[in-house]
Amino acid sequence: MDDMKCSFELSLKAWLDGELSASRSGEVARHVESCSSCAAACADYRAVSACLRSAAAAVPPLPLEALRARWELVRRDVRDERIRTVRVLRRVAAVAAAVLVVALGVIAVEETSGGRATSDQDALGRDAAIEIVLSSPGWGGEWP
Ligand SMILES: [Zn+2]
């Protein structure tokens, strides 16, 4: 191509893509037949377009079925993980409930045997056990 740009050069791509009006398209077509610079530019555009088309054809389509299957596996993993988490929380709650039952049993025995702990140390131990049970994150007030 010459250093001097042809005034039609900016219209070539739009002409090749069929984006020009009928009258402008006719003008460009007639010009390209007589202008070697624009004819060469059109040949370049066509070569690039053909190259892009063949490259696009070489790319395999997205494996949608494989992606769907993978997504389903991920969804199942998440669901199973939730189920495992609930099971762990239920176990924690069961342990906490068992500790509570024991603590309440100790309190009941103390109540029936005089209403007081036998020593300050016993009372502190009892209070600490009750506090641990009540502050346990697994203890949601629900029996497993
Ligand atoms: Zn030209």
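The values are calculated or read from the model by the stated rules, or taken from the named source; none is laboratory data. Just so we're clear, the structure is a prediction, and the values are computed from it rather than from any experiment. We place every Cβ from the backbone using ideal geometry, glycine too, and count neighbours over all the protein chains shown.
List of remarks:
- Pairs with Cβ under 7 Å, 6+ apart, first in the stretch 11-34 and of a type in the set (S, T, N, Q), second in a helix (DSSP H, G or I) and within 12 Å of the ligand (Cβ to nearest atom): 11/28; 25/15
- When residues in the stretch 123-144 are screened for being at pLDDT 70 or above and acidic (Asp, Glu), 2 of them pass.
- Residue within the stretch 65-76 that is over 40 Å from the mean Cα position of the chain (by Cα), assigned to a helix (DSSP H, G or I) and either modelled with pLDDT under 90 or away from the ligand (no atom under 16 Å from the Cβ) (or both) present: no
- If you go through the stretch 11-32 and keep only what is in a helix (DSSP H, G or I) and exposed (fewer than 10 other Cβ atoms within 10 Å of the Cβ), you end up with 22, 23.
- Residues (surrounded by 10 or more Cβ atoms within 10 Å (Cβ to Cβ) and either among the aliphatic types (A, V, I, L, M) or part of a helix (DSSP H, G or I) (or both)) located in the stretch 49-64: 49, 50, 51, 52, 53
- Members of the stretch 14-44 that are within 13 Å of the ligand (Cβ to nearest atom) and in contact with a helix residue (DSSP H, G or I) (Cβ under 8 Å, 6 or more places away or on another chain): 15, 28, 29, 31, 32, 33, 37, 38, 39, 41, 42
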